[in-house]
Amino acid sequence: MPAYAPAPASPISRRAFLGAGLSALLLPGAATADVLAPPSPDLDTFIRNEMRTANIPGLAAGYARDGAVRFAQGYGMADIAQRKAVTANTMFHIASVTKTVTATMIMRLAERGKLTLDEPISRHLDFPVANPRFRDTPITFRQLLTHTSSISDARYYEIDFREQGRDAQLTLPDLLKQYLAPGGINYSDATCYSAARPGAAWGYCNVAYGLLGHLGSRIGGMDMRELSRKEILAPLAMDHTSWTIKDTPQLHSAVPYELVDGALVAVQPVGFPDWPAGMLRSSIGDFMKFVAASANGGRSGGVELLGTAAMAQMLEMQTPAGLPAWLSGQALGWMESPLAGQARPNHWGGDPGVFTAVYLAPATRSGVAIFTNVGASAETKTAVKNIAHRLFQAAT
């Protein structure tokens, strides 16, 4: 599936994962002792069984309730060759789940009056961004956040900007100028923008989230990675979270795996220049603090991530034209789809060797997250959804 794209509910075509020998990695001794509260034997057994069924080598899971992290634990192997177990501090590439953090940072700027969601983004840019078919229709922050801007990833996937084993060397500003501005070396009227008028139709777009990060940097007065560390990560004590591969310690890094010719094989981490769309790496112990605040009206442990009204606005679902059938709503950064028959705000993430998911239940002020170090498949998607549902049962 394309880098960062959310996985649809229908199965995707992918070779089955290798099962032989994997069960040995999932014995009780492989789980970390780094837990905030011990899981019930039933929960522990359930997670292990789902991992066996889907052949997931390593997984981290957590749940939060009432603004506090109640559970965060690792299972299986972060590194099969080294027999390094997943712990609550193991850092996974969370892929498109990153977008929830980028959207939150933009909302923090909006709360401070630095921007308004429905103003043209052009006021804050140093290069032109306009759909060539509708040059007189401005693109807004809300449209970028809700995937309705008419900016398209079609050209992005034709080029394939990823770099193996290291962070992208192409800077975010250069990527955007070369892609979005007429005359840029990667610009195309036909494939950098869709045929829809801005605001008229849904179209999932990583480049749009890259643009949000660039805008956040310009408006916030510093690189948005540093701004988010100052305003989100540090206040929440998210010390095992990084925007880059180079700043992810090998000691805490989860090795990504894919099935190649019938064998589970370690693959190199990938670096993309549109880091606001999907380059964050985080541990379950860290990320559950963000989840706790997001599910609790914006507050966790005395830290106000967002005001109550702004957090509620982030989760206000809309149904724009073109919204795919596997989604029931699109909000600001967050999407909505059913989990065990209940509509839940959520986001999924997938890149080579990783598959991640986060779900919220604002009505009960609870949230869950699951990180894995294996690529998405029909089996891993089913397992992650089953585990998410079971975690919600444990959280309430």
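The values are calculated or read from the model by the stated rules, or taken from the named source; none is laboratory data. If you're wondering where the values come from, they're calculated on a predicted model, not measured in any experiment. Heads up, the Cβs are rebuilt from the backbone with ideal geometry, glycines too, and the neighbour counts pull from every protein chain shown. Side chains are part of the model used for accessible areas, which takes the heavy atoms of the whole protein and leaves out ligands, DNA and RNA. Shrake-Rupley method; radii C 1.70, N 1.55, O 1.52, S 1.80 Å.
Annotations for the structure displayed:
- Any chance ALA200 is at pLDDT 95 or above and open to solvent by 30 Å² or more (accessible area, probe 1.4 Å): yes
- Within the stretch 298-342, if we keep just the residues that are part of a helix (DSSP H, G or I) and touching a Ser or Thr at 6+ places or on another chain (Cβ under 8 Å), the residue that is nearest to VAL97 (Cα to Cα) turns out to be MET314.
- Any pair with Cβ under 6 angstrom, 6 or more apart, that starts in the stretch 247-266 at a residue that is within 17 Å of SER377 (Cβ to Cβ) and among the aromatic types (Phe, Trp, Tyr) and ends at one that is modelled with pLDDT under 95 and open to solvent by less than 50 Å² (accessible area, probe 1.4 Å): TYR257/LEU264
- Condition met for GLU158 (of a type in the set (Asp, Glu), open to solvent by 20 Å² or more (accessible area, probe 1.4 Å) and within 19 Å of SER96 (Cα to Cα)): no
- Taking every residue in the stretch 39-52 that is under 15 Å from HIS389 (Cα atoms) and pairing it with any residue that is β-branched (Val, Ile, Thr), at least 6 positions away or on another chain, the pairs with Cβ-Cβ distances below 7 Å are ILE47/ILE387; GLU50/ILE387.
- Single match in ALA195, ALA254, ALA266 (criterion: open to solvent by 50 Å² or more (accessible area, probe 1.4 Å), modelled with pLDDT of 95 or more and within 21 Å of GLY375 (Cα to Cα)): ALA266
- Looking only at the stretch 317-329, and only at residues there that are open to solvent by less than 60 Å² (accessible area, probe 1.4 Å) and in contact with a strand residue (DSSP E or B) (Cβ under 7 Å, 6 or more places away or on another chain), the one that is farthest from ALA383 (Cα to Cα): PRO320
Okay, residues lined up against (1) surrounded by fewer than 20 Cβ atoms within 10 Å (Cβ to Cβ); (2) in a helix (DSSP H, G or I); (3) out of contact with any Cys (no Cβ under 9 Å at 6 or more places or on another chain):
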position	(1), (2), (3)
GLN82	yes, no, yes
ALA88	no, no, yes
PHE92	no, no, yes
VAL97	no, yes, yes
PHE134	yes, no, yes
THR137	yes, no, yes
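- Pairs, first more than 11 Å from ALA61 (Cβ to Cβ) in the stretch 71-84, second open to solvent by less than 10 Å² (accessible area, probe 1.4 Å) and charged (D, E, K, R), C-beta under 6 Å, six or more apart: none
- Candidate set: the stretch 111-127, residues that are part of a helix (DSSP H, G or I) and in contact with a helix residue (DSSP H, G or I) (Cβ under 7 Å, 6 or more places away or on another chain); chosen: the one most open to solvent (accessible area, probe 1.4 Å): GLU111
- Hits in the stretch 359-396 (condition: assigned to a helix (DSSP H, G or I) and among the hydroxyl-bearing types (Ser, Thr, Tyr)): THR364, THR380, THR382
- Looking only at the stretch 204-228, and only at residues there that are in a loop (DSSP other than H, G, I, E, B), on the phi < 0 side of the Ramachandran plot and not aliphatic (A, V, I, L, M), the one that is surrounded by the most Cβ atoms within 10 Å (Cβ to Cβ): CYS205
- For the stretch 168-187, the candidate set comprises residues that are in a loop (DSSP other than H, G, I, E, B) and open to solvent by 30 Å² or more (accessible area, probe 1.4 Å); within that set, the residue that is nearest to GLY322 (Cα to Cα) is TYR187.
- When MET51, MET105 are checked against the criterion of being aliphatic (A, V, I, L, M), out of contact with any strand residue (DSSP E or B) (no Cβ under 8 Å at 6 or more places or on another chain) and not in a loop (DSSP other than H, G, I, E, B), MET105 stands alone in meeting it.
- Subset of the stretch 352-375 that is open to solvent by 10 Å² or more (accessible area, probe 1.4 Å) and not hydrophobic (A, V, I, L, M, F, W, C) - its residue that is farthest from PHE392 (Cα to Cα): PRO352
- Condition check for GLU231 on (1) part of a helix (DSSP H, G or I); (2) closer than 23 Å to LEU170 by Cβ: one failure, at (2).
- Exactly one residue out of MET279, MET314 is closer than 24 Å to GLN342 by Cβ, open to solvent by less than 10 Å² (accessible area, probe 1.4 Å) and modelled with pLDDT of 95 or more: that is MET314.
- All conditions in (1) under 27 Å from ALA78 (Cα atoms); (2) open to solvent by less than 40 Å² (accessible area, probe 1.4 Å) hold for LEU332, with the sole exception of (1).
- Odd one out for THR102, checked against (1) β-branched (Val, Ile, Thr); (2) open to solvent by 30 Å² or more (accessible area, probe 1.4 Å); (3) closer than 30 Å to GLN73 by Cα: (2)
- Candidate set: the stretch 284-293, residues that are in contact with a strand residue (DSSP E or B) (Cβ under 7 Å, 6 or more places away or on another chain) and closer than 14 Å to THR98 by Cβ; chosen: the one surrounded by the most Cβ atoms within 10 Å (Cβ to Cβ): PHE287
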